[in-house]
Structures are given as structure tokens and as C-alpha cells.
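Participant: One structure, pasted below without further comment.
What follows draws every value from the coordinates through simple rules; no lab data is involved. Since the structure is predicted, the reported quantities are computational estimates derived from the model, not experimental observations. When we count neighbours, we look across all protein chains shown, and the Cβ atoms used for this are built from the backbone with ideal geometry, even at glycine.
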Amino acid sequence: MFGQTMFPMGTFEDLRREMNRLFDARFRGFNGGAFPRARVFPPLNVWEDGERLMVEAEAPGLDMNDVEVQVVGNELTIKGERKPVEGRELTYHRQERGTGSFTRTVTLPIEVNAEKVEAVLKDGVLTIALPKAEAAKARKITVKTV
């Protein structure tokens with residue numbers, strides 16, 4: 001019976017799909033929403049451009065009423081909620097974009113001036129500008145000869 005299977009290949013594919021569905025349902029997170037616990041949301045990039053830190057966070061489907069940005073000490077926290085699409089007789093055929101509440105806190109590599117932080121949400125990208133605190137800015141030191 002080498003080279004032959006006892007079960008049609010479709011049966012294994014159906015089993016694989018069903019197992020994936022069960023695991024996906026089991027590991028849904030954030031208050032029953034569809035953000036997987038294994039991933040962080042929102043994904044973000046952090047970089048420094050001289051006078052400030054910049055943070056870009058992917059936030060598709062959100063508007064500024066759905067997002068809160070806080071800076072406390074050297075921690076940046078982004079909180080929010082992505083609401084599910086609702087409607088009469090709505091039937092999902094695939095739901096891969098997460099819904100529900102989220103919180104993401106990152107430790108900033110330098111001290112920032114929390115009073116001057118600015119956040120803009122445009123085209124599904126949250127951009128946060130965090131000006132450096134005076135203590136964190138580079139200073140030119142005059143070298144004296146003796």
C-alpha cells in the first residue's frame with residue numbers, strides 16, 4: 001500500500017483547517033476580541049531624530065476618539081478600542097483584523113518633555129512626537145587647555 005492513502009487528501013486539509021480554527025478561537029485575547037495574545041498591538045517603530053523621539057504605530061480602522069496616548073516618566077502608553085463592524089444580518093466569512101480593547105506600554109530610551117508631546121492619526125498610522133527633555137539633550141562641552 002505504499003504510495004496510497006487510506007483517506008482522501010481533502011479530509012486531512014479539512015482537519016488542518018478545523019484545528020487552525022479551534023486554536024485561533026482558543027487564543028483570542030483582549031476581552032474576547034480577536035487580537036491574538038501572542039502578538040502585540042499596535043505594532044510600532046521608535047526612533048530618534050536629534051531633538052525628539054518619534055513613534056509610529058499602526059492603527060487601521062481607528063480614529064482619535066478611539067485612542068488615548070499617555071506619557072508618564074519614561075513610559076509611553078497607547079490605549080484604545082477597535083469596535084467590530086455591526087449590522088443587521090451580518091455574517092463574517094473571515095475575521096482577521098482584531099477587535100476589542102488594547103493597551104501597549106513601552107519604556108522610552110531617554111527622558112522626554114511630556115508637556116510637549118504631540119500625536120497625529122492619519123491614514124491608519126498614529127505618529128507621536130516626543131521632544132527630548134533638556135537633561136536628555138546632547139551638550140557641547142568646551143575643552144580648556146591648561
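Participant: If you only keep lysine pairs separated by 8 or more in sequence, or across chains, how many in the range 33-146 come under 24 Å at the Cα atoms?
Facilitator: The number of close lysine pairs in the range 33-146 is 9.
Participant: What's the extension gain from residue 96 to residue 68 if we count 0.36 nm per residue and subtract their Cα-Cα distance? Let's see the in-between values first.
Facilitator: Working: separation 28, 0.36 × 28 = 10.08 nm, distance 2.36 nm.
Roughly 7.7 nm would be gained on extension.
Participant: Further question on the same structure: What are the semi-axes of the equivalent ellipsoid for the range 70-117, taken as the square roots of 5 times the Cα gyration tensor eigenvalues, largest first, in whole Å?
Facilitator: Values for the range 70-117, descending: 36, 11, 6 Å.
Participant: A further question follows. According to the square roots a ≥ b ≥ c of the eigenvalues of the Cα gyration tensor, what is the shape class of the range 95-146, taking rounded for a/c under 1.5, prolate for a/b larger than b/c otherwise, and oblate for the remainder?
Facilitator: The shape class here is prolate.
Participant: Kindly state, to the nearest 0.05, the FRET efficiency for residue 47 paired with residue 11, given R0 = 41 Å and r defined as their beta-carbon distance. Spell out each step's value before the answer.
Facilitator: Numbers: r = 50 Å, r/R0 = 1.22.
Efficiency, from the Cβ-Cβ distance: 0.25.
Participant: Going highest first, how would you order 58-65, 77-84 by mean Cβ packing within 10 Å?
Facilitator: 77-84, 58-65
Participant: Another question about this same structure. Rounded to whole Å, give me the distance from the Cα center of the range 92-139 to that of the range 41-88.
Facilitator: Between the Cα centres of the range 92-139 and the range 41-88 lies a distance of 5 Å.
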